[in-house]
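I have placed the structure first, in the form of structure tokens, so that the comments after it can refer back to it.
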Amino acid sequence: MTTSTNHSARGKQPSADSVDRIDCRLYEPPRHAGYESVRSFSPEDIRKRNRRSALRLLYPRRLLSRADIAKLSGISKSSASDIVSALLEDGLIREECVKQKHGPGKPAVAFQLAADARQIIIVDLSNEHKLVGALTNLVGDIQQRIELHVEQITTDDVLALVGRLRDTADAPLLGIGLSSPGIVDGQGTVHAAPNLGWHNVPLGDMVEDLYGIPTRVDNNANVAALGEWQFVDLTSNLAYIRLARGVGAGTIVNGCIVEGSRFAAGEIGHVVVDEQGTMCRCGKRGCLETLTSVERLRARIEADPSQRERIITQAGASLGRVLSLMIAMNDIDDVVIDGDHEIIDDLFLQSAQFSINEHINEELFGRISVRYPRLGNRSSIFGECMATVGDHLR
């Protein structure tokens with residue numbers, strides 16, 4: 001087992017692994033009609049809600065005065081002043097500058113989120129042989145990154161990496177976010193992650209019980225989609241496709257992650273594309289995974305390097321046909337494909353894009369954008385950070 005560590009000092013210029021100056025808003029899942037009316041609110045509930053509203057307005061790096069916060073949140077000026085005082089005392093905001101004011105009267109003092117006031121532990125389990133852990137601030141800047149190389153990820157590995165990151169934190173911890181492949185429910189249980197050999201693993205409870213820190217667990221493709229969506233375009237409907245040993249997808253539609261009633265939305269790897277195709281590990285023939293997973297493609301290319309172009313082109317076309325249905329069902333306009341660039345290269349993306357545009361009605365959907373992730377290998381980390389922060393400011 002080997003590890004590698006990358007440090008970035010707080011308050012200094014972020015490293016190449018950091019995500020800096022990203023203008024985004026926090027992800028907020030939809031609430032059903034009548035959500036607010038099913039319960040009454042105590043004065044303490046109202047104070048907490050107003051406090052979260054103020055923090056959301058300031059997130060991620062917005063400058064606002066007390067009067068701005070009162071006006072934008074719809075609360076009284078005295079309540080806004082009390083909230084600002086409490087947030088200053090907690091160190092969550094700071095006086096950043098004086099806003100210029102025209103006319104008589106004192107200039108208004110502006111406030112900004114203190115991004116380094118809290119830290120978040122993120123662990124990405126996307127690669128079954130490598131755990132990636134990060135310590136971030138409130139806006140996703142990576143302050144420390146640790147990679148743990150193992151034969152096969154176990155829950156003990158996850159617990160140990162969380163502990164290492166906790167021990168290096170130099171600010172109070174807001175929470176822990178874990179991104180796992182497979183089917184993950186809303187309670188933090190990984191119901192099925194074949195690549196990890198996991199079934200019904202209560203990962204969130206295991207971490208939270210050991211460390212006493214609020215913990216959430218998400219599907220890795222879902223949070224990667226969230227990261228790309230918040231970083232690039234908050235108005236698009238986006239599909240994020242992760243190709244590794246398996247094939248998974250995360251989808252953002254109308255600003256919401258599509259999870260499904262069984263938390264299995266995006267599990268497209270075992271959709272049968274070729275009934276006469278290769279046997280899949282799931283027991284069926286010709287699943288999308290057998291045609292497009294990086295592991296399968298690499299093996300086929302190594303067996304006959306002269307056929308590389310044909311293999312990559314056919315794989316991209318197969319993925320494009322499946323994605324054309326997702327696009328038509330969800331009105332997707334931004335497709336992100338992520339995978340090892342030795343295999344998932346420009347030829348693969350071009351083939352996928354050509355196939356998509358061949359199989360959809362361009363008059364309805366136009367020509368669909370197909371691209372690499374702008375955040376590179378940070379998509380899951382950044383998305384998980386945003387989801388974790390959102391838990392506390394929603």
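Key figures for this structure:
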item	result
Of all DSSP beta bridges in region 233-377, antiparallel share, percent nearest 5	55
Mean-position separation - Cα centroids, region 151-185 and region 209-223, in angstrom	8
Using distinct alpha-carbon pairs, which all enter the 1/r mean, Kirkwood radius of region 51-176 in Å	16.7
Nearest 10 degrees, 0 to 90: helix 346-359 Cα axis against the chain principal axis	90
Cβ-placed point charges (K, R +1; D, E -1), dipole of the chain about Cα centre in debye, nearest 20	1400
Candidate aspartates and glutamates - alpha carbon under 13 Å from K130, same-chain residues fewer than 8 apart omitted	E147, E151, D157
Degrees between helix 220-232 axis and first principal axis of the chain (Cα, 0 to 90, nearest 10)	60
Qualifying aspartates and glutamates (Cα of each under 16 Å from Cα of K71; at least 8 residues distant if same chain)	D82
Average Cα contact separation per residue, region 320-390, under 8 Å, 6 or more apart, as relative contact order %	40
Relative contact order (%) - the chain, alpha-carbon pairs under 8 angstrom, separation at least six	16
Whole-Hz ³J(HN,Hα) from phi, Karplus 6.51 cos²θ - 1.76 cosθ + 1.60, for region 278-283, glycine and proline x	5, 5, 9, 5, 7, x
Long-range amide H partners of I93 with built H, under 5 Å	L88, A114
Tilt relative to the chain, helix 379-393 - C-alpha long axis, 0 to 90 degrees, to 10	40
Given 14 as the ceiling on other Cβ atoms within 10 Å, longest exposed-site-free region of the chain for GluC sites (Glu not before Pro) in DSSP loops	1-150
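Only the coordinates and a few stated rules stand behind these numbers; no lab work does. Worth saying up front: this structure is predicted, and the values here are computed from it rather than measured. So basically every Cβ, Gly included, is an ideal-geometry build from the backbone, and we count neighbours across all protein chains shown.
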